[in-house]
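**Student:** A single structure is presented below for examination.
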């Protein structure tokens, strides 16, 4: 590896960044685990999942739950649920029985894994500082804090959704020969994770549609890479009923109407707004919602200039499915959309502050402070972490010039050639007009070749 002056400067910020994200994830995990509550809310979906897990452990038929399906009221619930989440619950049930606390702790684990996937996916676009703010915004949000007390499939599905997006973005598509095993590994992994998402929630079929749509938008054709991913996923979907002993089922199909679509649009717009500013209808909430929406629209413009990614195509298919759903299912249905909206808002905030905050760089993390009153304290944590990451150990211009002055004097005194005129004043300082040039010649000061984390 060729040595450059920038190489030593890359180490400490990366170490600090890893320390910060690890500390933030540990804080999120401890916060959620310490606030797990006894019992469960009055609902029945969790009971169906637990009963499926019990059947898996005890060797009974998967669909033998005792639930009497009412075809006259199909929206109440399907005959059975997809098997992946009960399979994830089965080891917990085998070890702890009908104890809901370990099952809720498993929800906390999947929330932390989902935050890791979100961080890894958008770190390149937002930079470490703003991505830390996004993780804090999601990890300490009251809606996710409430969701971890429900033994439901929404949080594991969120993890599989963004794990798929991360794999699609990280996959090698460099034209390697198809006779090499590495050319099959990435699409095979993507196909398996998409199956896990579909096996967790049937609406995960949007990931398959998004993958196909993504290829059509980029290349106007379906690549072999995508074809392998779809084929691997299809194989697991075909094997699932043979292994689990049941055929495909779910909510009985009901033809959507303009009325149901309009109801879904209004309901999901309301829950998305309440996710960020709470459900209290007061003037300050509307002001903050307007500010947040402006940032998100700005981020959408920035994203459209960069080019839309797999997340956008998958979310488009996901939105189409939930809008055609026969009824609105509440805030948990928009969980996959929430990180993307948070990313857009922070991207718009970053684009704005990069233009107006060069003179006052301390303003940048504080601009995020106004995004959500319900998450204000999470931004305090994120701001402190971001300032810690941003410290590169470089000196100010004056201090750096003072350190470089003795070096320059020693070089001038030891030189055998004709003495050059020193830019330094007798007291060892640099004139204001030559400070930048001298710093550049000695490699001091801020590394301008490395992009700012903000």
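The values are calculated or read from the model by the stated rules, or taken from the named source; none is laboratory data. This is a predicted model, so every value here is computed, not measured. Ideal geometry is used to build each Cβ from the backbone, glycine not excepted, and the neighbour counts take in all protein chains shown.
**Student:** Could you tell me whether any residue of the range 143-151 is within 14 Å of the chain's Cα centre (by Cα) and buried (at least 21 other Cβ atoms within 10 Å of the Cβ)?
**Tutor:** Of the range 143-151, the ones within 14 Å of the chain's Cα centre (by Cα) are 144.
Remaining after also requiring buried (at least 21 other Cβ atoms within 10 Å of the Cβ): 144.
The answer is yes, given that some residue of the range 143-151 is within 14 Å of the chain's Cα centre (by Cα) and buried (at least 21 other Cβ atoms within 10 Å of the Cβ).
**Student:** Okay, next question. Looking at (1) closer than 16 Å to residue 226 by Cβ; (2) over 17 Å from the mean Cα position of the chain (by Cα); (3) surrounded by fewer than 24 Cβ atoms within 10 Å (Cβ to Cβ); (4) at pLDDT below 95, can you tell me which one residue 170 breaks?
**Tutor:** Among (1) closer than 16 Å to residue 226 by Cβ; (2) over 17 Å from the mean Cα position of the chain (by Cα); (3) surrounded by fewer than 24 Cβ atoms within 10 Å (Cβ to Cβ); (4) at pLDDT below 95, the lone unmet condition for residue 170 is (2).
Conditions (1) over 30 Å from residue 354 (Cβ atoms); (2) under 27 Å from the mean Cα position of the chain (by Cα), marked per residue:
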site: 58; (1), (2): yes, no
site: 62; (1), (2): yes, no
site: 85; (1), (2): yes, yes
site: 97; (1), (2): yes, no
site: 102; (1), (2): yes, yes
site: 105; (1), (2): yes, yes
site: 134; (1), (2): no, yes
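**Student:** For the range 21-36, enumerate the residues that are within 16 Å of the chain's Cα centre (by Cα) and over 18 Å from residue 143 (Cβ atoms).
**Tutor:** Selection gives 21, 22, 24, 25.
**Student:** Can you tell me which of 273, 209, 285 is in a helix (DSSP H, G or I), modelled with pLDDT of 90 or more and surrounded by 14 or more Cβ atoms within 10 Å (Cβ to Cβ)?
**Tutor:** 209
**Student:** How do the pairs read when you match residues in the range 261-281 that are more than 17 Å from residue 324 (Cα to Cα) with residues anywhere that are crowded, with 18+ Cβ neighbours inside 10 Å and modelled with pLDDT under 80, using Cβ under 6 Å and keeping only pairs 6 or more apart or on different chains?
**Tutor:** Short answer, once both residue conditions are applied: 276/372; 277/285; 278/374.
**Student:** For the range 28-64, what are the residues that are more than 14 Å from residue 80 (Cα to Cα), assigned to a helix (DSSP H, G or I) and touching a helix residue (DSSP H, G or I) at 6+ places or on another chain (Cβ under 7 Å)?
**Tutor:** 28, 29, 32, 33, 57
**Student:** Working only within the range 24-55, note down all residues that are loosely packed, with under 13 Cβ neighbours inside 10 Å and either in contact with a strand residue (DSSP E or B) (Cβ under 8 Å, 6 or more places away or on another chain) or free of Cβ contacts under 8 Å to residues at least 24 places away in the same chain (or both).
**Tutor:** 26, 30, 34, 42
**Student:** I would also like to ask the following. Assess whether residue 123 counts as being without any contact (Cβ under 8 Å) to a residue 40 or more places away in the chain, more than 16 Å from residue 49 (Cα to Cα), part of a helix (DSSP H, G or I) and in contact with a helix residue (DSSP H, G or I) (Cβ under 8 Å, 6 or more places away or on another chain).
**Tutor:** Values: without any contact (Cβ under 8 Å) to a residue 40 or more places away in the chain: yes; more than 16 Å from residue 49 (Cα to Cα): yes; part of a helix (DSSP H, G or I): yes; in contact with a helix residue (DSSP H, G or I) (Cβ under 8 Å, 6 or more places away or on another chain): yes.
Considered against the rule, which asks whether it is without any contact (Cβ under 8 Å) to a residue 40 or more places away in the chain, more than 16 Å from residue 49 (Cα to Cα), part of a helix (DSSP H, G or I) and in contact with a helix residue (DSSP H, G or I) (Cβ under 8 Å, 6 or more places away or on another chain), residue 123 comes out as yes.
**Student:** Now, a different point. For the range 328-337, state whether one or more residues are under 16 Å from the mean Cα position of the chain (by Cα) and either without any contact (Cβ under 8 Å) to a residue 12 or more places away in the chain or not in a helix (DSSP H, G or I) (or both).
**Tutor:** Within the range 328-337, one or more residues are under 16 Å from the mean Cα position of the chain (by Cα) and either without any contact (Cβ under 8 Å) to a residue 12 or more places away in the chain or not in a helix (DSSP H, G or I) (or both).
**Student:** Right, something else. Pairs under 6 Å by beta carbon, first residue within 20 Å of residue 217 (Cβ to Cβ) in the range 291-316, partner part of a helix (DSSP H, G or I) and at pLDDT below 90, six or more apart or different chains?
**Tutor:** Pairs that qualify, where the first residue is within 20 Å of residue 217 (Cβ to Cβ) and the partner is part of a helix (DSSP H, G or I) and at pLDDT below 90, are 302/351.
**Student:** Among (1) at pLDDT 95 or above; (2) at positive phi, which single condition is residue 175 missing?
**Tutor:** (1)
**Student:** Continuing with the same structure: Which of the residues that make up the range 108-134 are crowded, with 20+ Cβ neighbours inside 10 Å, over 16 Å from residue 161 (Cβ atoms) and modelled with pLDDT of 95 or more?
**Tutor:** 108
**Student:** Scanning for something more than 23 Å from residue 155 (Cβ to Cβ) and touching a residue at least 60 places away in the same chain (Cβ under 8 Å), does the range 79-94 turn up at least one residue? Break it down stepwise before answering.
**Tutor:** Within the range 79-94, the subset more than 23 Å from residue 155 (Cβ to Cβ) is 79.
Then drop every residue that is not touching a residue at least 60 places away in the same chain (Cβ under 8 Å), which leaves 79.
Yes.
**Student:** Looking at the range 79-107 only, could you name the residues that are surrounded by fewer than 20 Cβ atoms within 10 Å (Cβ to Cβ) and assigned to a loop (DSSP other than H, G, I, E, B)?
**Tutor:** Those that are surrounded by fewer than 20 Cβ atoms within 10 Å (Cβ to Cβ) and assigned to a loop (DSSP other than H, G, I, E, B): 79, 97, 98, 99.
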